[in-house]
Structure formats: C-alpha cells, structure tokens
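Here is the structure we will look at, set down as structure tokens.
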Amino acid sequence: MSDAPSPGTTTAPDALELAALLCSRVCHDLISPVGAIVNGLEVLDDNPKPEDREFALDLIRKSAKTASARLQFCRLAFGAAGSSGAQIDLGDAQTMARGHIEDGKCTITWNLPRLLLPKNRVKLLLNMLVVSQHTIPRGGTLTIDPIGEGETMSFRITATGHNARLPQNISELLSGERMRTRSSLIIRGCWRRPAGSP
C-alpha cells in the first residue's frame with residue numbers, strides 16, 4: 001500500500017515545507033517595499049534636483065513604513081510572539097491587519113469588538129485574512145464579523161470583489177464553511193482547542 005496522495009488531493013505540508021512556505025511569504029511581502037527603498041537611495045546618490053530629492057525621500061519614508069507594518073503583521077500571524085498563555089488586543093490586530101493588507105486595492109471592514117483574545121485565536125484570524133485576501137486578486141473588501149462573543153468568539157470573513165474565487169487547492173486545506181456568491185466568498189473559521197490542552 002502506498003503512502004502517496006491520490007491524484008487531485010492536497011496534503012498539508014510537513015514542518016520543513018511549512019517553514020519554507022512561511023519564509024517565502026515573508027520575503028514576498030518585503031521585497032517590494034525594500035526594493036523601493038533601494039531605488040529611492042539610488043536617486044539620492046545621483047545628486048538629484050530638489051523635487052527629485054523630495055520624491056526619493058517620500059518614497060523611502062512610505063516604503064519603510066510599509067515594510068515595518070508587514071514585518072509586524074508577519075511576526076504576529078506567523079511567529080511565536082508572546083508566551084503560550086498570552087492574550088492579544090483585537091484593536092492591535094486590526095491595526096496590524098490594516099497596515100499589511102490595505103493597499104489601495106483591498107480594504108478592510110472590521111466589525112469585531114475591541115477585547116483581549118488568546119494569542120492563537122488572533123493568529124487564526126490574521127491567517128484567515130491572508131487566505132481571504134487571495135480570493136480577491138483584483139481587489140475588493142474583506143469584512144470581518146464576529147460569531148458569538150467573548151473568548152469563544154469565532155470569525156466570519158466575507159471577501160467581496162470582482163471575480164472572487166478560492167485559489168487552487170486551498171478549499172481542500174480549509175476546514176469550516178464556505179459559501180460563494182456572484183461577487184463574494186465567505187469563509188467561516190472556528191478555533192478549536194486541541195484535545196488535552198488547558
């Protein structure tokens with residue numbers, strides 16, 4: 001009997017593959033703003049006219065701010081920020097999500113209350129936002145709504161935009177409910193505490 005997956009099925013990556021995917025994601029998110037900073041510095045090296053100098057400095061400022069926002073988001077969404085029992089303010093998560101995702105093409109409508117939630121629940125939410133952003137490649141709106149309240153709260157993200165769709169193979173990896181309409185895709189995620197955890 002073979003352990004190879006049957007054609008058309010998607011298996012979750014092992015630890016090494018997951019680490020490589022996360023590193024690739026962080027590099028992908030940072031390459032554009034870091035490249036823009038390098039371009040701005042090259043303009044400054046050429047003894048530019050005053051208007052070109054101001055343009056270069058503005059490009060460097062904006063790109064550095066974007067790179068910082070993306071790093072902060074990735075640290076929380078993919079990293080081991082805080083101790084195992086740590087809680088994170090949803091207001092801080094909102095700020096990080098907006099800094100990372102809102103880019104002129106994609107906007108966020110955040111309907112969650114400001115409260116402290118367990119770190120892993122907030123990480124789940126931020127990762128759901130990353131997946132949801134890929135469902136609207138031409139831009140649109142991600143709307144985050146609460147399901148329930150307090151520490152047992154779950155999240156529903158509705159991605160609305162032209163030609164909303166699930167990226168290839170992602171539906172097989174997602175657990176939870178999915179519903180597609182003409183212009184939106186709804187993903188409902190529930191945090192389930194692993195058996196035996198406190």
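When a/c is below 1.5 the answer is rounded, else prolate if a/b is larger than b/c, else oblate, so apply that to region 15-78 with a ≥ b ≥ c taken from the square roots of the Cα gyration tensor eigenvalues. Before the final figure, lay out each step's value.
On the way: a/c = 6.18, a/b = 2.72, b/c = 2.27.
Judged from the Cα gyration tensor, region 15-78 comes out prolate (a/c at least 1.5, a/b above b/c).
Pull out a ≥ b ≥ c, the square roots of the eigenvalues of the alpha-carbon gyration tensor of region 58-146, then state rounded if a/c is under 1.5, prolate if not and a/b is larger than b/c, and oblate in the remaining case.
Details: a/c = 1.91, a/b = 1.27, b/c = 1.51.
Verdict is oblate for region 58-146.
³J(HN,Hα) across region 103-119 via Karplus (A = 6.51, B = -1.76, C = 1.60, θ = phi - 60°), whole Hz, x for Gly/Pro?
Each residue's phi maps through the Karplus curve to give 9, x, 9, 10, 10, 10, 10, 9, 9, 8, x, 8, 7, 8, 10, x, 3 Hz.
Could you give the length gained by full extension between GLU149 and GLN87, i.e. 0.36 nm per residue of separation minus their alpha carbon distance, to one decimal place? Please report the intermediate quantities before stating the final value.
Numbers: separation 62, 0.36 × 62 = 22.32 nm, distance 1.55 nm.
Going from the current span to full extension adds 20.8 nm.
Can you give the Kirkwood hydrodynamic radius for region 45-100, in Å, rounded to one decimal and based on Cα pairs? Mind showing how you got there, number by number?
On the way: mean 1/r = 0.0740 Å⁻¹.
After inverting the pairwise mean of 1/r, the radius is 13.5 Å.
Less than 25 Å apart at the alpha-carbon level, and either on another chain or at least 8 residues along: which lysines does that give for LYS123?
Filter leaves LYS65, LYS105.
Once you put a point 7 Å from the Cα of VAL34 and another 7 Å from the Cα of ASP14, both along the Cβ direction, what distance in nm separates them?
Each label point lies 7 Å from its Cα, and together they span 2.8 nm.
Rule-based calculations on the coordinates, nothing more; no lab input. Note that the structure is a prediction, hence the values are computed from the model and not measured. For neighbour counting, all protein chains shown are included, and Cβ atoms are generated from backbone atoms with ideal geometry for every residue, glycine included.
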